[in-house]
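A short worksheet on the structure shown next.
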Amino acid sequence: MAHHRTSAHTHAHAHAHASTSTSTSTSTSTSTSHPHGHPQGSSRRRRGRVVGASVAGLALLGAVLLEVPAVAASKPRGHDVSSHQRNVDWPGSRAKGARFVYVKATESTTYRNPYFGQQYNGALDAGLIRGAYHFALPDRSSGAAQAAYFVRNGGDWRADGRTLPPALDIEYNPYDTKRKCYGLSKAGMVGWIGAFSDEVRRLTGRRPVIYTTTHWWNSCTGGSTGFAAEHPLWVARYGSASAGELPAGWSRWTIWQHDDGGDGSDNSALPGDQNLFNGSMDRLRAFARGDVGRE
């Protein structure tokens, strides 16, 4: 997910780079006012290197560009995009090694990615396994309402081996840094995520992948362990040789977002954020079909 440019996203970005294990994601919102997608100029997976990060976070952000983990050689490469990337050169992306991608579809119940069609269908036409994700704003409406909006606007799933399960991007509040958990209690957040998941499963037949950071999850859900058994984990951690400590409950990551693509100077970087799948291409196809759970 590559999408928030507000200071809140910088906060999340700093956590993804931090030595303690955390994870981040980004998303977009309004379709016209800002090139990055969010009404306030944020971009889900492209945390901005701007004012608002801690001193330690700024030091890390300045030092880390695109780092490819050693495990990358044996795992399928992927990326995630939003309206920030606009019309993506999908044949070029595949030529650079991309084998899967997540495309931002929606945010809350008011935003649809205006580039979703080109991105989602173009990725498929280029031979990538693709899926859609929703950027959660739990203070705006219920989990069930946002899940239904997501599925109606690109978040559906088919067991065709080419469609990844729907994904929920749940992370730091990009609109209010003082309410990183959106004003919800830990129990309230667990309930919101559960309602979103239940509705996605009712409508599509699959539980969503959960994209989050270790720090946010443990802070805002109270370290809930109730989702790990049925929800694949998409974790973000940058500038590290491994995904590090995972959110409470999970012992294995399915997708690791290991970099935000740097400043664009690395020609090997894929559009948006950089990801790895924790398995072989055969396992990735099986994951898309629904033949395997968290792998």
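Values quoted throughout were computed directly from the atomic coordinates according to the rules given, and no laboratory measurement underlies them. Quick caveat: nothing in here was measured; it's all calculated off a predicted structure. Please note: Cβ atoms are built from the backbone with ideal geometry, for glycine as well, and neighbour counts cover all protein chains shown.
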Exercise for the section: Find the Cα radius of gyration of region 159-295, compare it with 2.2 N^0.38 Å by division, and give the number to two decimals. Expected result: 1.08
Practice task
State the Cα centre-to-centre distance between region 169-189 and region 93-130 in whole Å.
Solution key: 26 Å
Exercise for the section: Please identify which residues in region 153-180 have an amide N closer than 20 Å to a label point set 7 Å out from the Cα of Thr110, following the Cα→Cβ vector. Expected result: 153-154, 169-180
Problem - Highest average packing first - 212-223, 174-185, Cβ atoms within 10 Å - result: 212-223, 174-185
Handout entry: Label-point separation, Arg86 to Asp266 (7 Å along Cα→Cβ), nm
Key = 2.3 nm
Completion exercise
The lysines whose Cα lies under 25 Å from the Cα of Lys96, excluding any fewer than 8 residues away in the same chain, are Lys75, Lys104
Handout entry: Isotropically averaged projected area of region 172-238, using the convex hull of Cα atoms (one quarter of hull area), nm²
Key = 5.0 nm²
Problem - Calculated Rg and Dmax of region 123-201 using C-alpha coordinates, Å - result: 14.2, 43
